[in-house]
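The structure appears below as structure tokens.
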Amino acid sequence: MAKEKTSKKTFKPDKSVKKILDLFEKISAVPRKSGGEDKIRAHLIDWAREHKFLYITDKAGNLIIKVKGTKGLEKKKTVVLQGHLDMVCEKTPDSDHDFDRDPIRFVYDGEWLKADRTTLGADNGIAMAIAMALCEDNDVKHPPLELLFTVEEETGLTGAKELEPDIITGKRLINIDSEDEGIFTVGCAGGKDTHIELDLTYEEVPSDYCGMTLKAHGMTGGHSGVNIHEERANAIRVLVRALMKIRDHCDLRLVGISGGTAHNAIPRDAQASFFVPADVAHKVEAIAPELEKVFRSEFSNTDPELKITAERIPLPIDRRGMMSYVTLKALDLLFAIPHGIAARSTDMPSLVETSSNQAKVWIEDGKLHILTSQRSSVMSRLEAHTNRIESISRLAGARVFSGNGYPSWRPDFNSKLLQICKKTYKNLFDKEPKVEAIHAGLECGLIGSLHPGMDMISIGPTIKNPHSPDERIHLPSIGKIWQFLVALMTEL
């Protein structure tokens, strides 16, 4: 997308925001990719022990820290503050960052905080930092708290799915995983993933064919729910379109193809290796800049750095490529699978109701693998859109497996918690907050299904471009969320 202008104003955090940022930096020094939350969980357990807070872990690896209410509020009803332990691990091609070992390197840019060519992990490390700061500050009055930090949120809401029903007692939950300060989220989409497998057949290519690679890269990427309405380029789809255009000019025998990193991230980079007749290789190299010009025109407002590059590669020892008709079948399948908005809500026209993300493609064990991720706030339409992708896959002769689903969270605009939050925000900032549902998946849907009667709301500081190396957090918005939560604690 076109680069947003960032403020060059000098931001001087007050004592509370500085404390939150210090805690966040310590969190960001601990590896916490999805499925590898052991170290960050241990870090939080050490913190709980240091402050003499009770803590519990369940079989899924979720962590619950119980904090007594402050003087005068001990007998108030318990409030759950909720976030997740893991983060999306994305980096630019030129970054040597190792997410299993290296700390996230902070880069301050005026009123914004970002990372050095990686995801920042404010989604959702900032929730942990805010909750910890709230419990550490002796000047903050609050009712009994349960800090609920779940695992593997980014790869399928696994922790929330497997949360043991009786492990939390609070019936009011504040999820700190939204990304726009001043907006209260009270509903979200449900989702489901689909894994497609197509058997591939290879043969030795003619001796006068040469090997080539084609790369589609430099795209903006982003969150497949939050950013899907912005029509950002999907690198897999750009690559496939380019390959099909090349195939219009000559025989093309696909060897390998890969792209995408996560089910909930719009792919930024994709590449393919293939054989073409040697006497047309120069034409393929010449087509690449022409295609780049076309795609840059299409995505001029969202992906100005989009690049298409083609080059010859040394003759490989293994000169096998997919049979011609198999190459076409694989490309047809990738091209036919839908990506992007499928329907908008008729209740809230500004809300995307149903969408899908063509998230990953790779070749392994002689099979083409495709991962798609569908979302919808209407569960019957989620099922229908998933069925459509399954049907397309079966028509291509592929096997298809759908699962890893989670429910939507239906808005309750009469929620007592919502009314208290709206009143508190208006009193603090002299303006009404915006109340909305979002097209992303939040753990509230699953937690609510496990705990009937749970009154929930989702808030958070302003975060731009989550799930991409362009992720950044607006520092002044952290202060506003802090002020709001401190005031809210005495109203609950």
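Quick one: order 421, 210 by neighbouring beta-carbon count within 10 Å, fewest to most. Walk me through the intermediate numbers first.
Values: 421 22, 210 19.
Listing 421, 210 from fewest to most nearby Cβ atoms yields 210, 421.
Using a 10 Å cut-off around each Cβ, can you sort 485, 147, 54, 492 from fewest to most neighbouring Cβ atoms? Each step should come with its number before you reach the end.
Values: 485 21, 147 25, 54 12, 492 18.
The order, fewest Cβ neighbours first, is 54, 492, 485, 147.
Across bins of 10 angstrom width beginning at 0, how are the C-alpha pair distances of region 1-107 distributed, in whole percent?
11, 31, 33, 18, 6, 0
Per DSSP H run of at least 4 residues, take -39500 (n - 2.57); add these up for the chain, divide by its residues and hand me the 222 nm value, nearest 500 deg cm²/dmol.
About -9500 deg cm²/dmol.
Beta carbons within 10 angstrom, averaged per residue: use that to sort the peptides 269-280, 408-419, highest first.
Working: 269-280: 20.1, 408-419: 16.2.
Output ranking for 269-280, 408-419: 269-280, 408-419.
With 19 Å as the cut-off, how large is the P(r) tail for region 241-358, expressed as percent of Cα-Cα pairs?
58 percent
Any idea what Rg and Dmax come out to for the chain if you just take the C-alpha atoms, in Å?
According to the Cα coordinates of the chain, Rg and Dmax are 24.2, 84 Å.
So how do 66-74, 110-118 stack up, highest first, on mean other-Cβ count within 10 Å? Don't jump to the answer; show the numbers that get you there.
Numbers: 66-74: 15.0, 110-118: 19.4.
Going from most to least packed, we get 110-118, 66-74.
For region 189-242 and region 360-437, what is the centre-to-centre distance using only Cα atoms, to the nearest Å?
About 21 Å separates the Cα centre of region 189-242 from the one of region 360-437.
If each residue's Cβ is checked for other Cβ atoms within 10 Å, how do 25, 152, 491 rank with the fewest at the top?
Numbers: 25 15, 152 23, 491 11.
Going from sparsest to densest Cβ surroundings: 491, 25, 152.
Show me the ranking of peptides 331-343, 456-468 by mean Cβ neighbours inside 10 Å, starting with the highest.
Working: 331-343: 17.9, 456-468: 24.5.
Top of the packing list down: 456-468, 331-343.
For region 257-262, take each phi angle, set θ = phi - 60°, evaluate the Karplus expression 6.51 cos²θ - 1.76 cosθ + 1.60, and give the result in whole Hz per residue in order, putting x for glycine and proline.
Those phi angles translate into 8, 8, x, x, 10, 8 Hz.
Classify region 192-406 as rounded, prolate or oblate from the Cα gyration tensor: take a ≥ b ≥ c as the square roots of its eigenvalues, call it rounded if a/c is under 1.5, otherwise prolate when a/b beats b/c and oblate if not. Write down the numbers at each step before the final one.
Values: a/c = 2.60, a/b = 1.53, b/c = 1.70.
Oblate, since a/c reaches 1.5 and b/c is not below a/b.
Could you state the per residue volume, in Å³, of the convex hull enclosing the Cα atoms of region 140-229? Before the final figure, lay out each step's value.
Working: hull volume 20.4 nm³, N = 90.
Looking at region 140-229, the number lands at 227 Å³ per residue.
A short reminder: the numbers here are calculations on the coordinates, not readings from a lab. Computed from a predicted structure; not experimentally measured. Cβ: placed from backbone, ideal geometry, glycine included. Neighbour counts: every protein chain shown.
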